[in-house]
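To start, the structure under review is shown below, and the notes come after it.
Nothing in this text is a laboratory measurement; each read-out follows from the coordinates by a stated rule. Predicted model only: the values in this text are computed from it and were never measured. Every residue, glycine as well, gets a Cβ built from its backbone with ideal geometry; the counts of neighbours run over all protein chains shown.
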């Protein structure tokens, strides 16, 4: 399996919150949906998240790190990492955040899976794999194979909260979910490609079933433009 293809999907779902104090629970709900959709396919072994603590509540549109009216309430702005070779669960995440919730207004800015085990099918193997499996993952650039460990695992995700507005609508809360891949094993018209594509489609189908997806874009170029065909119909 060669790591020489970059691409991904960008999905958006409503934030459904109006106050910063409401964002923690909503972020955990969205993250739980993503992790449940990952089961049997993507097992995050390392998660990174940003956490801002505030001394007082505020409207959701004013929690941006550059908003001067809310900066005075900012206690801390930190980035944390959690790791577990057996997989980081939603219970692990919430347990890690419980102490924060007891005293302050906590705002999660983003959660990113930075290392994963991924269940895939190859011609001579089926099972869990990650970038450390050098005998099966061959890094490549400009169609040239090189030695060493791949920079990324086969697939991962990044969940981010932000506020958005337009001329016709007021500022509102929204989540962006980016699913990124650095291999084309999902797209080949072979038994191996179809087996991997089936898992990928099931993952997206669960996201579409559990989240209100309001927009979906392909963030890739060239040959991976066929990614659009994998997205479930809205």
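Each label point is 7 Å from the Cα along the Cα-to-Cβ direction; what then is the distance between the points at residue 72 and residue 19, in nm?
Inter-label distance under the simple model: 2.0 nm.
As an exercise, use a Förster radius of 35 Å and the Cβ-Cβ distance of residue 83 and residue 189 to find the FRET efficiency, rounded to the nearest 0.05.
Approximately 0.40, to the nearest 0.05.
If R₀ is 35 angstrom, what is the calculated FRET efficiency for the pair residue 198 and residue 176, using the beta carbon separation as r and rounding to 0.05?
Approximately 0.85, to the nearest 0.05.
Taking the Cβ-Cβ separation of residue 125 and residue 57 as r and a Förster radius of 45 Å, what is the calculated FRET efficiency to the nearest 0.05?
0.30
Using a 7 Å offset from the Cα along the Cα-to-Cβ direction at both residue 217 and residue 39, what is the distance between the two label points in nm, to one decimal?
3.3 nm
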